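Structure record follows, encoded as structure tokens.
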Amino acid sequence: MAKNTDLISVENNITKKDFRSIFWRSFTLLGSFNYERMEGLGYLYAMLPALKKIYKDDEEGLKAACHRHIAAFNMTVAPAPFVMGITIAMEELAKKDEDFDVTTINSIKVALMGPLSGIGDTFFWGIFRIIACAIGVSFAQDGNALGPIMLLLLFNIPNFATRWFGLKLGYKNGSQLLNDLESSGKMELFTFCAGIVGAAAIGCMIASWVDITSPLAFTISGSEIVLQEYLDQIVPKLLPLLATLTIYGCLRKKIGVMKIIFGICVVGFICGVVGIL
Amino acid sequence: MTLIQAVLIGCVAALTQLEGGWLGEAKFREPVITGFLVGMILGDVEKGLMIGAALQMMWMGATGIGPTAQLDIGTGGTIGAAVAIMTGKGAEAAIVFALPVAVIMQFLNTLLLTAFSGLMVVADRKIDEGNLKGAISIHYLCGFFTFLLYFGLTFIVMYFGNDAINSIVNGLPEWANNGLQAIASILPAMGFALLMNIIMERDLIPFFVIGFVIAAYTELTMVAVTAIAVAIAWVVFLLRSGQQKSPAAVQQNVVDEWED
């Protein structure tokens, strides 16, 4: 029996050590990703330390629980431990209360996939990754080894924190918390404010790092006219901005990424060969 | 390229893939990281970092979600950086290899994930037999196959493709080089357009303009602009959380504030 202070669930003897184990296992969620169950097996792998404790004297119950958690599941990985926390709490309820409808466990998982993935993608792929990579590039460009270090730190501090606190929060009061956030509208506001940082960073990166210039020059009645000098007088970095907005427009029109890349290769190559770019 | 170097570069490529599956998307796949690692292996860290930065900008928008999951930037970045350092050429040599590799590897990945689907039925059966260890071992097995595919292919390309790569890169005529440089200069715009596609909404346009103008007209660095943006976001959060209503009311407030 573990010390009382180490216990997270008294009735099922789930300890802090089990939670740490689930936390680390959650990093392998995509380890066996496939098109049928997606992250199902990885989810089961992470849940196993808790399931084994909850159903330690109930083999059939354990099997049923394993089948529940190997079911298809797909979510941005960082917020997934939050869902694990919620489902651990629900499994405990299911074990305690014979009348508990176990299908609600997977209903909750399915219900959370969409919204949490949406929030997770915005933050982890849209915001944290951009900022981390942007700062990383700004150092790496000069050959400074701080680049990769900053990149990993800036991304993984929120990554680790979201997993650890998400798991604990989900277990303690997950379902309540979700209701509160949704009804107060705080989550939308927070996401919008994160978007402000992301949007400003993208604007900044286009101006700093997209380096499209034209070498075109004409000689008209003896004086040389360099196109790029005129462009710079209108707006510095005009070509990078126009190129990005044009491609963005194509994306908005749902033109496929592969087609756009192919288009860039053709147009860019021709412009480069004839000396426009 | 020595045997050891080829083995280590193969390991870097495998790391970029296992990062997603086994290290919680800790971002080892980003070209800045792979450029640094490949640079260390090939003895030119500075060049590795610079090539990494160039490829990073090109793929800034390549995420694991939606349509952009069609690019394997991990293996593409690793091989691209290795080629650029090996041949002594710049970023344009890197993209000649990085781009096709990123497309091909993503296609192979699709096949791998399809194969893993078949293993799930086996895991189901193991659970029924009460053999939980057996079910979990399939999780590990998938990781092993992933490692094998990425390590194996990268190693073969690096170790046996050495001469072919050199003659392709060094045999490029001047005009083709110009064309490739132009492509290399436009591709970063693609990356940022993809990013805009993820997070842009109408109310964020002013902040996009602020970021662009500061960087285009001043010498402020990326770190400074990010800090300014965080400060603005903070103020907006404080202003608006005071007057929290329904999400619809929040939207309305945005419009009001811009009209003032």
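The values are calculated or read from the model by the stated rules, or taken from the named source; none is laboratory data. Small disclaimer: the values here were computed from a predicted structure and weren't measured. Don't worry about glycine lacking a Cβ; one is built from the backbone with ideal geometry, like all the others, and counts go over all protein chains shown.
Scanning segment A:69-91 for residues that are over 23 Å from B:MET120 (Cα atoms) and assigned to a loop (DSSP other than H, G, I, E, B) turns up A:ALA78, A:PRO79.
Looking across segment A:226-265 at every residue that is among the β-branched types (Val, Ile, Thr) and at the interface with chain B (Cβ under 9 Å from one of its Cβ atoms), the one that is surrounded by the fewest Cβ atoms within 10 Å (Cβ to Cβ) is identified as A:THR246.
Kindly indicate which of A:VAL197, A:VAL274 is farther than 18 Å from B:LEU99 by Cβ and surrounded by 14 or more Cβ atoms within 10 Å (Cβ to Cβ).
A:VAL197
Set side by side, the residues B:ALA123, B:ALA84 differ, and just one is under 15 Å from B:PRO31 (Cα atoms) and either modelled with pLDDT of 90 or more or hydrophobic (A, V, I, L, M, F, W, C) (or both), which is B:ALA84. Would it be correct to say that A:GLY275 is modelled with pLDDT under 85, more than 7 Å from chain B (Cβ to nearest Cβ) and within 29 Å of A:GLN141 (Cα to Cα)? Here the answer is yes, as A:GLY275 does meet what is asked.
The sole residue among A:THR191, A:THR219, A:THR162 that is modelled with pLDDT under 85 and either in contact with a helix residue (DSSP H, G or I) (Cβ under 8 Å, 6 or more places away or on another chain) or within 23 Å of B:ALA229 (Cβ to Cβ) (or both) is A:THR191. Of B:LEU172, B:LEU195, all but one fail to be more than 11 Å from chain A (Cβ to nearest Cβ) and modelled with pLDDT under 85; the exception is B:LEU172.
Summed over segment B:204-227, residues that are at the interface with chain A (Cβ under 7 Å from one of its Cβ atoms) and more than 26 Å from the chain's Cα centre (by Cα) total 3.
Residue by residue, here is whether (1) in contact with an Asp or Glu (Cβ under 9 Å, 6 or more places away or on another chain); (2) closer than 26 Å to B:VAL7 by Cβ; (3) buried (at least 17 other Cβ atoms within 10 Å of the Cβ) holds:
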position	(1), (2), (3)
B:THR110	no, no, no
B:ALA115	no, yes, no
B:VAL122	no, no, no
B:LEU132	no, no, yes
B:ILE136	no, no, yes
B:PHE144	no, yes, no
B:LEU149	no, yes, yes
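Being under 20 Å from the mean Cα position of the chain (by Cα), surrounded by fewer than 23 Cβ atoms within 10 Å (Cβ to Cβ), free of Cβ contacts under 8 Å to residues at least 12 places away in the same chain and part of a helix (DSSP H, G or I) holds for only one residue in A:ASN156, A:ASN173, and it is A:ASN156.
Looking only at segment A:37-68, which residues are in a loop (DSSP other than H, G, I, E, B) and either surrounded by fewer than 19 Cβ atoms within 10 Å (Cβ to Cβ) or under 25 Å from the mean Cα position of the chain (by Cα) (or both)? Within segment A:37-68, A:ARG37, A:GLU39, A:LYS56, A:ASP57, A:ASP58 qualify. Looking at segment A:179-253, the helices (runs of 4 or more DSSP H) lying wholly inside it that each contain 1 or more residues that are outside the structural domain of A:ILE264 (by TED's automatic domain parsing) sit at A:186-209.
B:LYS89 satisfies every condition listed in (1) of a type outside the set (S, T, N, Q); (2) crowded, with 20+ Cβ neighbours inside 10 Å; (3) at pLDDT 80 or above except (2). Each residue in segment B:21-34 was checked for being within 7 Å of chain A (Cβ to nearest Cβ), of a type outside the set (D, E, K, R) and within 14 Å of the chain's Cα centre (by Cα), and 3 pass.
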